[in-house]
1. Which one is nearest to GLU71 (Cα to Cα), of the residues in the range 42-52 that are surrounded by 16 or more Cβ atoms within 10 Å (Cβ to Cβ) and touching a Phe, Trp or Tyr at 6+ places or on another chain (Cβ under 6 Å)?
2. On the given criteria, is ARG96 among the basic types (Lys, Arg), at pLDDT 95 or above and on the phi < 0 side of the Ramachandran plot?
3. Within the bounds of the range 16-38, is there any residue that is at pLDDT below 95, out of contact with any Gly (no Cβ under 7 Å at 6 or more places or on another chain), crowded, with 16+ Cβ neighbours inside 10 Å and not in a strand (DSSP E or B)?
Amino acid sequence: MSVRGKWRVVETPDHDMAGPGSYILFAAEGGEFALDCLTGAIYGRCEGNAVEFIWDGRDEMEPARGRGWAEELADGSLEGEICLEGGDDIPFIARRLATSSTAC
């Protein structure tokens, strides 16, 4: 199992931030995420089925940064948290997005 890839955020318990464009992406080195008007670039190695990371980005057009974590669960879902420095901790649940193998 590996957290690498793009995940659609389907739930943000106690927050209303899991809209149609909400996602988190983990690459070998870093990634990115978008939760409603909170967006960020992820820094750090993304290996295995669990990661901890730091991020920086924007929250409603203002600079923001923080830390986070994510873990792939046995059912194939991703559970984690995006934590804003000096602000909220936003838990999330995500499902892996299917990749297309269709040639262009």
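1. Here the answer is CYS46.
2. The answer is yes for ARG96.
3. Yes, the conditions are met somewhere in the range 16-38.
The values are calculated or read from the model by the stated rules, or taken from the named source; none is laboratory data. This structure is a prediction, so every number in the text was calculated from the model and none was measured. Here the Cβ is made from the backbone with ideal geometry for all residues, glycine too, and neighbour counts use every protein chain on show.
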